[in-house]
Amino acid sequence: MLARKIPGRFPLQNSYDYIIVGAGSSGCVLANRLSEDPSTTVLVVESGPDDTSPLIRMPRGIGKLLVPGNPHVSAYQVSPRGNAPVETWLKGRTVGGSSSINGMVYVRGAPADYDGWRDLGCTGWGWDDLGRHFVALEDHELPANQWRGKGGPLKISMQPAGSPVCAALLQAGEEMGVAHVDDMNGIPAVTDGGMSYQPTTTFHGKRFSAARAFLTPVRGRANLHVLPETEVLRIEFQNRRATGVSLRNKTGTHSVAAAREVIISAGAIQSPKLLQLSGVGPAALLASLNIPLVADSPNVGRNLREHRYLSTQYRLRGGSLNASLSGLGLLRSVLQYLLFSSGPLTHAAHEVGGFVKTRPELTRPDAQIGLGLYSMRPGKAGIEIDKYPGLNVIGYFTKPESQGEIRIQSADPAVAPIIEANHFTAEIDRISAVSLFRWLRRFGQQPALKPWITEETDPGARIQTDEDVLQNAISLGGTAFHIAGTCRMGADDAAVLDPQLRVRGVQGLRVVDTSIMPTLVSGNTNAPAMAIALRAADFILNR
């Protein structure tokens with residue numbers, strides 16, 4: 001077989017059995033599973049650099065990673081709603097994808113989420129199908145049970161107890177009627193509500209990304225090639241069959257064939273963008289940009305779902321990490337991390353989390369909350385840690401019905417797509433925003449927190465009425481980085497994918513990432529992205 005040498009890497013073959021576009025959470029899992037057979041060749045193409053930065057391993061390195069201009073993230077300009085100011089959304093652009101730059105919060109969602117997909121016609125996607133895959137991927141610090149795994153490739157650690165403020169937060173939850181449970185991912189918590197110390201994708205004080213769990217252990221396989229810092233420009237087709245990809249890196253532009261399938265795992269922004277650039281999308285849009293039509297698929301890029309969090313911040317009498325995250329305190333924390341892999345820099349985004357019902361008539365939780373022992377605000381150099389002890393409490397409605405859209409505006413792959421989020425356009429999202437904000441504020445007023453909280457610093461007195469909440473909903477929080485749904489699967493002809501994640505209207509092409517979700521899961525999307533890939537591997541390998 002002819003080969004072209006990529007300097008400093010491996011010989012790039014002319015053809016592979018499978019080409020995976022994107023080495024993110026889903027792509028890493030697929031690379032592991034599809035390359036298990038040594039006779040099957042797999043190429044993984046990643047637009048960003050390798051995951052060698054020490055800031056990736058350091059959990060609180062996210063403060064330096066999650067900034068526009070960092071080479072490990074892509075920054076997108078987004079219209080959140082109507083005339084609201086444009087904001088920036090960040091997604092991982094490195095080996096490991098967003099699992100290498102996220103807050104390491106390990107949450108699976110509720111069984112009803114997946115049963116809901118099944119009931120929409122997505123055969124094979126109920127909790128009985130997905131639940132077992134979560135169990136299979138987990139190596140959990142807590143004891144194994146029917147729905148919690150031990151011995152899997154992904155390390156799951158619990159935020160350690162010991163902070164008196166965290167203990168008070170859990171007690172305040174109980175005062176609000178929310179049970180203190182051992183694991184917020186447990187079935188009782190996700191079906192009836194519960195709070196716990198935060199489960200995290202960390203191990204011995206270091207981030208445990210999808211790359212570290214699934215890709216790093218197998219990168220020595222001769223049949224698996226991982227190609228970072230390489231853009232996939234388009235999917236190549238012949239008679240509506242995906243035959244390979246056109247890719248570009250510092251060595252030039254190359255065409256690589258896929259003997260079996262091309263699998264797009266580029267994320268809920270890049271996956272629909274790549275489909276549209278390749279001629280699969282709304283016919284009128286593609287015609288306006290002089291892109292040859294391969295398959296008219298009007299819903300590519302539509303059904304964008306995202307969790308929009310609301311936030312309250314408080315000044316504390318003590319017990320905060322603020323002093324350890326700036327100035328000389330940060331220097332001490334860095335030394336503690338480097339010498340002992342311990343201390344504040346080993347924490348995930350939240351120390352405590354859970355699921356709650358924001359209205360008494362609800363039969364299941366409608367909001368996820370995260371509680372962090374820090375507070376911050378915009379400053380001259382970007383986001384700055386407050387100089388006084390602080391607490392950050394966020395929450396979001398877990399099942400938003402507002403739908404946004406992603407569409408390309410040029411045939412040039414280098415041009416960013418147009419992204420419209422349309423937050424709070426659905427009535428249930430507005431109702432839930434108000435009830436959630438009221439819940440967050442009541443939480444901060446519970447007796448258990450009175451010895452700690454001195455005042456609500458944000459938003460404070462400027463937000464009082466329900467109308468205040470609705471008028472300021474966009475500025476009261478931000479994106480949760482849980483973008484999904486833009487290449488939804490379904491049994492209906494309008495769905496972009498069939499329930500086995502094959503792109504309708506073409507052959508030899510699948511999408512496997514959070515863009516396949518018909519509706520958003522009740523929680524963070526990193527763990528579901530990995531479980532989705534495990535399920536997709538079943539379909540691809542006919543297991």
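Throughout, read-outs are computed from the coordinates displayed, never taken from laboratory work. Note that the structure is a prediction, hence the values are computed from the model and not measured. Neighbour counts run over all protein chains shown; Cβ positions are idealised from the backbone, glycine included.
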Check your understanding: Relative contact order of segment 46-122: what whole-number percent is it, with Cα pairs under 8 angstrom and at least 6 residues apart?
Key -> 29 percent
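Note the per residue figure in Å³ for the convex hull of the C-alpha positions in segment 290-394. Could the numbers behind the result be given before it?
Values: hull volume 25.0 nm³, N = 105.
Looking at segment 290-394, the number lands at 238 Å³ per residue.
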Exercise for review: Hey, can you grab everything whose amide H is under 5 Å from the amide H of F237? Only 5+ residues off in sequence or another chain; H modelled, so Pro and N-termini drop out.
Suggested key: T243
Review point. Out of residues 5 or more away from I264 or on other chains, whose amide H comes under 5 Å of its own, with H placed 1.01 Å from N in the peptide plane?
Key: V21, R510, V511, V512
Practice item. Please go through segment 298-372 and write out the trypsin sites (Lys or Arg not before Pro) that DSSP classes as loop and that have at most 14 other C-beta atoms within 10 Å. Key: R317
Review point. Within the chain, how many Lys pairs sit with Cα atoms under 14 Å apart, leaving out pairs fewer than 8 places apart on the same chain?
Key: 4
Review point. For segment 1-142, with equal point scatterers placed on the C-alpha atoms only and solvent neglected, what are the log10 I(q)/I(0) values from the Debye formula at q = 0.13 1/Å, to two decimals?
Key: -0.85
Check your understanding: Listing K450, K399 from the residue with the fewest other Cβ atoms within 10 Å to the one with the most, what is the order?
Key -> K450, K399
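Which of T202, T465 has the fewest other C-beta atoms within 10 Å, and how do the rest follow up to the most?
Working: T202 24, T465 9.
Going from sparsest to densest Cβ surroundings: T465, T202.
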Review point. Which whole-Hz ³J(HN,Hα) couplings does segment 34-41 yield from phi under the Karplus relation 6.51 cos²θ - 1.76 cosθ + 1.60, θ = phi - 60°, glycine and proline marked x?
Key: 6, 9, 4, 7, x, 8, 9, 9
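Let me spell out the model: positive unit charges on the Cβ of Lys and Arg, negative unit charges on the Cβ of Asp and Glu, origin at the Cα centre of segment 179-334. What dipole size does that give, in debye rounded to 20?
Working: 18 positive and 9 negative charges, 91 e Å.
It comes to approximately 440 debye.
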Practice item. Would you work out the relative contact order for segment 245-364, in percent, from Cα pairs under 8 angstrom that are 6 or more residues apart? Key: 11 percent
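Under unit Cβ charges (Lys, Arg +1; Asp, Glu -1), what dipole magnitude, rounded to 20 debye, does segment 279-351 have relative to its Cα centre? Working shown, then result.
On the way: 6 positive and 3 negative charges, 72 e Å.
Dipole about the Cα centre, nearest 20: 340 debye.
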Check your understanding: How high is the relative contact order of segment 167-295, given as a whole-number percent (alpha carbon pairs under 8 Å, six or more residues apart)?
Key -> 12 percent
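Using unit Cβ charges (K, R positive; D, E negative) and no other charged atoms, how large, in debye to the nearest 20, is the dipole of the chain about its Cα centre? Intermediate values should be presented prior to the final figure.
Working: 54 positive and 48 negative charges, 281 e Å.
It comes to approximately 1360 debye.
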Check your understanding: Could you state the number of Å between the C-alpha centres of segment 490-504 and segment 248-273?
Key -> 20 Å
Exercise for review: First select every other residue whose beta carbon is under 13 angstrom from the beta carbon of M376; then total the charges, Lys and Arg +1, Asp and Glu -1.
Suggested key: +1
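Calculate, in nm to one decimal, what A222 and V86 gain on full extension: separation in residues at 0.36 nm each, minus their alpha carbon distance.
Numbers: separation 136, 0.36 × 136 = 48.96 nm, distance 4.57 nm.
So the chain would gain 44.4 nm between A222 and V86.
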Study note, to complete from the structure: Note to self, the chain gives a 222 nm [θ] from helices alone (DSSP H runs n ≥ 4, -39500 (n - 2.57) apiece, / all residues, nearest 500) of -6500 deg cm²/dmol
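Can you pull the semi-axes for the chain, root of five times each eigenvalue of the Cα gyration tensor, sorted largest first, whole Å?
Values: eigenvalues 284, 129, 100 Å².
So the equivalent ellipsoid measures 38, 25, 22 Å along its semi-axes.
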**Study point:** Neighbourhood charge, 11 Å Cβ-Cβ cut-off, centred on D466 and excluding it, Lys, Arg +1 and Asp, Glu -1
**Key:** 0
Point to revise | Signed unit charges on C-beta, dipole axis of the chain, positive-most listed residue S341, G194, G267 | key: S341
